[in-house]
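No lab work stands behind these numbers, since they all come straight from the coordinates. The structure displayed is predicted, hence computed values, not measured ones. Using ideal geometry, Cβ is built from the backbone for each residue, glycine included, and neighbour counts are taken over all protein chains shown.
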Amino acid sequence: MAIQWFPGHMNKAKKELQERLGGIDVVIEMLDARLPASSANPMIAQIAKRKTSIKVLNKQDLADPAVTAIWLNWYRSHPGTSAIALDASEKSPSQRLIEACLDAAPNRGSVDKPLRVVICGIPNVGKSTLINSISGRRIAKTGNEPGITKGQQRIMLTDEIELFDTPGMLWPKIMVPQGGYNLAASGAVGRNAMDEEEVALELLAYLIRYYARELDARYNIGDIAGMQDWQVLEQIGRKRGGMLPGGRVNIQKASEIVLADFRSGAMGRLSLERPDEWKAWEKAAKEAAVIRLAEKEAARLEREARVAKAAKRR
Ligand SMILES: Nc1nc2c(ncn2[C@@H]2O[C@H](COP(=O)(O)OP(=O)(O)OP(=O)(O)O)[C@@H](O)[C@H]2O)c(=O)[nH]1
Ligand SMILES: [Mg+2]
């Protein structure tokens, strides 16, 4: 089943962002460094397309550094796009970020022309944490679950820089299935909107391919090569998740362990996508959408023909 999560407060947040953008100089779009493409909100891209934007690949402390470097090069190879990688442990992210904002809007940033910046992105990616870190105060509420910030919040950073925190937003239809699973694995999706076992299996299938060593180091599985995702999940359950009566593995518990370990970085620094891979997933999703549309149209024509035939007979 595809992942979709667009609760009411996000629709409201979308409208508020649209209204706010008129007076904004720079949009900081916060992406998850482990899944930069999956975490890029096409709805934000659409409503902010005429604005100068800076991509911040956050939580880089959890992502595979070599893959983050590939993504940064990839973004920077697109004209007019600036991208930096960050994480909450960085002592003074403000300096780097403010420099990037001032570079992006060189005619702003004075008392009579303050620089107005909005930070937006998916839920739970670390927007409010960054705002607190930049301001040196705990102004914005943060928390380890999606949907903490519910409304926009304005923070005067200095007399010259005004910053807006916004609620995390997903979008009404996630077209690329792998993107939905990656968002869910990262912790951006509400618990009620996903099946943990399904998300854990998708995550394991990817990790088996790229990070077998890390999986083995964490769960002591042995030779993972040739093992299926469900076999690895069962092994993890056997070793860590407890057993159900009758000797069965508690798969739900095993799935929760895998997701919690991924989110906290307990398996090491892992990334869930590479640029070329993302392109292929996106292409396949577009093709699937075209096929679905053609099937729908064929069914409609068939229905019409049947109705016409029945009418003729009468
Ligand atoms: N490892 C790691 N964790 C981070 C980082 N930044 C934030 N977090 C954690 O991620 C969780 C979410 O942080 P928030 O700042 O509340 O995220 P948000 O984007 O404001 O979330 P919403 O308000 O729900 O949209 C918290 O548990 C933070 O401690 C980071 O760079 N690295
Ligand atoms: Mg927040």
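Can you give the relative contact order of the chain as a percent, counting alpha carbon pairs under 8 Å and 6+ residues apart? Show your work: numbers first, answer last.
Values: 494 pairs, mean separation 63.2, N = 314.
Relative CO of the chain lands at 20 percent.
Basic side chains Lys and Arg get +1 at the Cβ, acidic Asp and Glu get -1 at the Cβ, and with that the dipole of the range 195-264 about its Cα centre reaches some 320 debye. Rounded if a/c is under 1.5, else prolate if a/b is larger than b/c, else oblate: which is the range 8-165, with a ≥ b ≥ c the root eigenvalues of its Cα gyration tensor? Note, shape of the range 8-165 comes out rounded. Please give the Cα centre distance for the range 229-308 versus the range 130-168, rounded to the nearest Å. Cα centres, the range 229-308 to the range 130-168: 33 Å.
From least to most packed, judged by other beta carbons within 10 angstrom and beginning with the fewest, Cys101, Cys120 follow the order Cys101, Cys120. Take the cross-link list Lys91/Lys150; Lys253/Lys279; Lys173/Lys296; Lys150/Lys253; Lys14/Lys279 and give me the ones stretching past 22 Å between alpha-carbons. Long pairs (Cα-Cα over 22 Å): Lys91/Lys150; Lys253/Lys279; Lys150/Lys253; Lys14/Lys279.
Between Asp103 and Ala294, the modelled labels are 4.5 nm apart [label points 7 Å from Cα along Cα→Cβ]. State log₁₀ I(q)/I(0) for the chain at q = 0.07, 0.16 Å⁻¹ as given by the Debye formula over alpha-carbon point scatterers of equal weight, solvent excluded. Evaluating at q = 0.07, 0.16 Å⁻¹ gives log10 I(q)/I(0) of -0.34, -1.32.
List the residues of the range 45-79 whose backbone N lies under 12 Å from a point placed 7 Å from the Cα of Ala88 along the Cα-to-Cβ direction. The answer is 59-62, whose backbone nitrogens lie closer than 12 Å to the label point.
Share of antiparallel DSSP beta bridges in the range 8-165, in percent to the nearest 5? Please report the intermediate quantities before stating the final value.
Working: 5 of 26 bridges.
So the antiparallel bridges in the range 8-165 amount to around 20 percent.
Cβ-Cβ distance of Arg303 and Asn192, R₀ of 45 Å, FRET efficiency by 1/(1 + (r/R0)^6): the value works out to about 0.80. Other residues lying with their Cβ under 12 Å from the Cβ of Ile54 contribute a combined charge of 0, Lys and Arg counting +1, Asp and Glu -1. As a proxy for reagent exposure, Ser53, Ser135, Ser77, Ser38 were ordered by neighbouring Cβ count within 10 angstrom, fewest first; the result is Ser77, Ser135, Ser53, Ser38. If R0 equals 41 Å, the separation of the Cβ atoms of Thr81 and Ala205 corresponds to a calculated FRET efficiency of about 0.85.
When the helices of the chain are scored as -39500 (n - 2.57) per DSSP H run of n ≥ 4 and the total is divided over every residue, the value at 222 nm lands at -15000 deg cm²/dmol. So if R0 is 25 Å, what FRET efficiency would Glu19 and Lys141 give, r being the distance between their Cβ atoms, rounded to the nearest 0.05? E(calc), rounded to 0.05, equals 0.65.
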